[in-house]
1. Restricting to region 76-112, name every residue that is at pLDDT 85 or above, under 18 Å from Glu40 (Cβ atoms) and not polar (S, T, N, Q).
2. Which residue pairs have Cβ atoms under 8 Å apart, sit 6 or more places apart or on different chains, and have a first residue in region 61-81 that is closer than 24 Å to Ile101 by Cβ and a second that is at pLDDT 90 or above and of a type in the set (D, E, K, R)?
3. Out of all the residues in region 1-10, which are closer than 22 Å to Leu114 by Cα and assigned to a loop (DSSP other than H, G, I, E, B)?
4. Any idea how many residues of region 49-62 are assigned to a loop (DSSP other than H, G, I, E, B) and surrounded by 10 or more Cβ atoms within 10 Å (Cβ to Cβ)?
5. Within region 2-45, restricting attention to residues that are touching a helix residue (DSSP H, G or I) at 6+ places or on another chain (Cβ under 9 Å) and β-branched (Val, Ile, Thr), which residue is nearest to Lys99 (Cα to Cα)?
6. Are there any pairs with C-beta distances below 9 angstrom linking a residue in region 1-16 that is closer than 12 Å to Ile36 by Cβ to a residue that is loosely packed, with under 11 Cβ neighbours inside 10 Å, with the two at least 6 apart or on different chains, and if so which?
7. Name every residue in region 11-44 that is closer than 27 Å to Asn112 by Cβ and among the acidic types (Asp, Glu), in order of residue number.
8. Against the condition over 21 Å from Ser20 (Cα atoms) and either at pLDDT below 75 or of a type outside the set (Phe, Trp, Tyr) (or both), how does Met55 come out, does it pass?
Amino acid sequence: MSDIRIEFVSATVLNSMDSSARIAYLLKAIRSGSLIVLEERLGADDEKLLIEETMNIIDDRFTGIEISSLGSGSADWKDAIIKMLGGKTSGLTVIGPAKMIKAIKKDTNKINLLAGFKGD
């Protein structure tokens, strides 16, 4: 069985980038075979852009991504104030190459992920 590389990314790293830089950073890591765990939930706009950019680069070697998030998907005014004051909102996102994610199941409080390289 091949090794699986997991990259844990802090919110500080992603928040220091603009949206296109975040997407480029994530796609570069995923295309190199990393499973990404984000400290905070990926925003809806960034998630949409990530999926769009992924669709543009799918080929025989890169078959796409799997993505799952925990936490509130709504960004209400309380979350905005907490973030402005430097606090953290709840949530996390897991993203990986489709060829690596064998199964992903999500319920309200957890993500169960089975990863490996298909054919192993």
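1. Listed by number, the residues that qualify are Leu92, Val94, Ile95, Gly96, Ile111.
2. Hits for this filter: Phe62/Arg31; Ile67/Glu47; Ser69/Glu47.
3. Hits for region 1-10 are Met1, Ser2, Asp3, Ile4.
4. Looking only at that region, the number is 2.
5. In this case the residue turns out to be Ile30.
6. Listed pairs, sorted by first residue: Arg5/Ser32.
7. Glu39, Glu40
8. no
The values are calculated or read from the model by the stated rules, or taken from the named source; none is laboratory data. Owing to the predicted nature of the structure, the values given are computational and were not obtained by experimental measurement. Note: ideal-geometry Cβ built from the backbone for every residue, glycine included; neighbour counts use all protein chains shown.
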